[in-house]
Amino acid sequence: MKKTVFLTGATGNMGWAGFQELYKKKDRFRIRILARPSKKNRKLLKRYSDDPDVDVVWGDLTAYEDVLAGVTGSDFVLHVGGMVSPAADYFPEKTLEVNVTAAENVAKAVLAQPDHSRIKVVYIGSVAQCGDRMSPIHWGCTGDPVYPSAFDSYAVSKCKAEKAITDSGIEHWVSLRQTGILYPGIFRQINPVALHVPIRGVLEWATVEDSGRVLANVCEDWVPDEFWNRFYNISSGEQYRMTNYEFEQRLLAPLGIRSVEKVFEPQWFATRNFHGMWYTDSDLLEEYLHFRANVPVDEYFRRLASRLPWYYSLAGIVPACLIKAFMRPLAFEKGLGTQTWIRDSPEKLEAYYGSAEEFRAIKSWEQMRPPYMEKNLTAAEAAGEIVHLNHGYDTSMSIYDLDAEALEKAAQFRGGHFLGPEQSVGTPGALFEWECEHGHRFRASLEYVLLGGGWCLDCDQTNIRRTVTGKNRFISQVLSSRYLE
């Protein structure tokens, strides 16, 4: 008997790749999609309108009845949909409302099913949930602190939406935190947010094809029970680890632009307060789901470039000064442009550059290039020692074997307390009461706090540096000491 897979976000980049992979397996899966009834979406999905194995629910993620229609009768729920950058950066309040409401609707609809214990829910989280991770703490894993970078409403929405799923009471869930996705349209993503990315930062990327296989393979019978109720990082592996400088170089090369330094001013790029890391644990998801095609990274970029329209090649004959003039408005766009903050938003300038003095001190590319370049090394050769963060408990033990004393120590490491109930310790999925350093009391599972790295969402998530003190040693590991009391 075919299983029914309900997929949200199917018309987006990852969702569409997942839909295509599932469609290859329609002999075993019936695919149900929730899509907004836009002209673009109707055109995209028209070819499947008569396919009995594809069911399109026209609706909206923020409308509970639409989500319920998709969930009812489904065996798997793949929740990919929501607002992402750059729209999320232009409409932060709407992003928070849409992404959190959508997750709450999914959880509510699943739990409304009379046989909800058999339904498996896959939530797609984001690397943005783990905030700014500049060197030397650019290595990370699930269980590291979850905290949004300042002014990142998208990251805040993903943190809150993730908890809405993981601590909802759903019996089988998993949170797969997606990294940056490489897809053909990435060459056309020219917007001010690109300059929010520190050129010295890092990211471990995923190809859109690999991401699509994640969604299809997670529905297979061979995925073991132990896989569920956990958090995983998605990436295409070690060879897709790049500094942001390297990434920009690879992105510009197919356009005939030999150096990022020729078309951008060094001061245009923020120096901190974004997100991105190299993973110590992303191979774990590959061991479970076998989704990587292992295409060499340079070959993959060549494939992406081969799909560009012919006129992109003209960039190679345009003088660099003209391209720089074309890029300049991005840095000066009101609100999101990095060069407007010195006048209009001192708080953003401090968050993304450290201070006005540090911003003004950026005079040349020599100050901005990754240090390894001076030694003629690759980023991989100069990756540096892996720094493992302290999670506040013995991570070699199962979280279900920890006693109340160990949980209190973990909570104290986070600046707060474990309030029990003690008799539920060791019970998978149980919700406990915790207290943060500011006295907020909240309910959360051991999975969310210890395996996911989550903590108090009642604290101001828009700028964690304003609320976290040195008492919270867990998050303090990834915040500069200048922000801590």
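Residue 437 falls short on exactly one of the conditions (1) outside any helix (DSSP H, G or I); (2) closer than 14 Å to residue 143 by Cα, and that condition is (2). Selection of segment 289-309 for residues being open to solvent by less than 40 Å² (accessible area, probe 1.4 Å) and under 24 Å from the mean Cα position of the chain (by Cα) yields 289, 291, 292, 295, 297, 300, 301, 304.
Looking at 155, 206, which is the one that is more than 26 Å from residue 97 (Cα to Cα), under 12 Å from the mean Cα position of the chain (by Cα), open to solvent by less than 10 Å² (accessible area, probe 1.4 Å) and at pLDDT 95 or above? Explain how you work it out, then say what you get.
On the way: 155 fails: more than 26 Å from residue 97 (Cα to Cα).
Answer to the check: 206.
Scanning segment 457-473 for residues that are more than 19 Å from residue 177 (Cα to Cα), open to solvent by less than 30 Å² (accessible area, probe 1.4 Å) and part of a loop (DSSP other than H, G, I, E, B) turns up 459, 463, 467, 468, 469, 472. In segment 198-221, the residues that are over 20 Å from residue 294 (Cβ atoms) reach residues that are of a type in the set (Ser, Thr, Tyr) with C-beta atoms within less than 6 angstrom, at least six apart or across chains, in these pairs: 198/271; 199/245; 202/243. Just so you know, in segment 390-409 the residues that are out of contact with any strand residue (DSSP E or B) (no Cβ under 7 Å at 6 or more places or on another chain) and part of a helix (DSSP H, G or I) include one that is least open to solvent (accessible area, probe 1.4 Å), and it is 399. Among the conditions (1) aliphatic (A, V, I, L, M); (2) more than 24 Å from residue 175 (Cβ to Cβ); (3) crowded, with 20+ Cβ neighbours inside 10 Å, residue 44 misses just one, which is (3).
Contact map, segment 1-21: first residue closer than 17 Å to residue 60 by Cα, second residue among the basic types (Lys, Arg) and buried (at least 18 other Cβ atoms within 10 Å of the Cβ), Cβ cut-off under 9 Å, separation 6 or more or different chains; pairs are 6/32; 7/32. Kindly provide the set of residues from segment 158-172 that are of a type in the set (A, V, I, L, M, F, W, C) and open to solvent by 20 Å² or more (accessible area, probe 1.4 Å), ordered by number. 164, the sole residue that qualifies. When residue 242 is tested against (1) closer than 30 Å to residue 168 by Cα; (2) out of contact with any helix residue (DSSP H, G or I) (no Cβ under 6 Å at 6 or more places or on another chain), exactly one condition is not met: (1).
Helices (runs of 4 or more DSSP H) wholly in segment 330-375 with at least 2 residues that are of a type outside the set (D, E, K, R) and open to solvent by 50 Å² or more (accessible area, probe 1.4 Å) - which ones?
Details: elements: 341-344, 346-353, 356-360.
Hits in segment 330-375: none.
Does at least one position in segment 318-337 carry a residue that is among the aliphatic types (A, V, I, L, M) and touching a Ser or Thr at 6+ places or on another chain (Cβ under 7 Å)? So far as segment 318-337 goes, yes, one or more of its residues are among the aliphatic types (A, V, I, L, M) and touching a Ser or Thr at 6+ places or on another chain (Cβ under 7 Å).
So is residue 286 under 30 Å from residue 463 (Cβ atoms) and charged (D, E, K, R) or not?
Values: under 30 Å from residue 463 (Cβ atoms): no; charged (D, E, K, R): yes.
In short, no.
If you go through segment 220-270 and pick out every residue that is small (Gly, Ala, Ser) and either within 30 Å of residue 427 (Cβ to Cβ) or open to solvent by 50 Å² or more (accessible area, probe 1.4 Å) (or both), you end up with 1. Of the residues examined, residue 420 is one that is outside any helix (DSSP H, G or I), of a type outside the set (A, V, I, L, M), open to solvent by less than 60 Å² (accessible area, probe 1.4 Å) and at pLDDT below 95. The listed residues are 4, 8, 62, and the only one of them that is more than 25 Å from residue 181 (Cβ to Cβ) and of a type in the set (S, T, N, Q) turns out to be 4. Annotation note: of 108, 163, the sole residue that is of a type in the set (D, E, K, R) and more than 16 Å from the chain's Cα centre (by Cα) is 108. Filter segment 329-378 down to the residues that are within 28 Å of the chain's Cα centre (by Cα) and among the charged types (D, E, K, R), then identify the one that is modelled with the lowest pLDDT. Only one residue tops the list, namely 369.
State all residues of segment 11-41 that are assigned to a helix (DSSP H, G or I), among the polar types (S, T, N, Q) and surrounded by 17 or more Cβ atoms within 10 Å (Cβ to Cβ); if no residue qualifies, say none.
To start, the set of residues in segment 11-41 that are assigned to a helix (DSSP H, G or I) comprises 13-23, 39-41.
Subsequent filtering for residues that are among the polar types (S, T, N, Q) retains 13, 20, 41.
Matches in segment 11-41: 13 only.
Of the residues 89, 53, 75, 66, the single one that is open to solvent by less than 60 Å² (accessible area, probe 1.4 Å) and touching an Asp or Glu at 6+ places or on another chain (Cβ under 6 Å) is 66.
The values are calculated or read from the model by the stated rules, or taken from the named source; none is laboratory data. None of the values given here were measured: they were computed from a predicted structure. Counting neighbours? That spans all protein chains shown, and the Cβs are built from the backbone with ideal geometry, glycine included. Please note that ligands, DNA and RNA were not included when accessible areas were found on the heavy atoms of the full protein model with its side chains. Shrake-Rupley method; radii C 1.70, N 1.55, O 1.52, S 1.80 Å.
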